Amino acid sequence: MESEAIKELQAYGYLFMVVFLAIGLYAYIYHLYKSQKDGKVDYEKYSDLALKDEIDTTPVESHIKKDKKEEGRNK
C-alpha cells in the first residue's frame with residue numbers, strides 16, 4: 001500500500017471514531033437526563049459527595065433500601 005492510501009485510511013478511521021464517540025457521549029448525557037427526569041436516580045444527591053466526604057457524614061444511599069427493593073422484585 002502506498003503511504004497516501006494509508007494516510008487516507010487513518011483519516012477515515014479517525015473521523016469514524018470521533019463521530020462514534022460524540023454520538024456515544026450525547027447518548028450517555030441523554031440517558032442521565034432522562035433518568036433524572038423520570039425519578040429513577042437523583043444525581044443532585046451525588047453533587048456534594050466530593051465536598052462532604054468525612055467519615056461521620058451520612059451515606060448518599062443506604063444498602064438496606066436496595067436489599068428491600070430487591071426482595072420485593074424477587075417475590
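None of the figures in this text is laboratory data; all of them are computed from the coordinates on show. Quick caveat: nothing in here was measured; it's all calculated off a predicted structure. FYI the Cβ positions are ideal-geometry reconstructions off the backbone, even for glycines, and counts take in every protein chain you see.
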Discussion item. With a cap of 13 neighbouring Cβ atoms within 10 Å, and only residues DSSP puts in a loop, list the trypsin sites (Lys or Arg not before Pro) found in region 26-57.
Written reply: K40, K52
Worksheet item: Using only helices, what value at 222 nm comes out for the chain when you add -39,500 (n - 2.57) per DSSP H run of length 4 or more and divide by the total residues, to the nearest 500 deg cm²/dmol?
Response: -22500 deg cm²/dmol
Worksheet item: What is the spin-label model distance, in nm, from K52 to Y28 if the labels are put 7 Å beyond Cα along the C-beta direction?
Response: 2.6 nm
Discussion item. For the chain, take the longest principal axis of its alpha carbons; what is the angle in degrees between that and the long axis of helix 63-74, to the nearest 10 within 0 to 90?
Written reply: 80 degrees
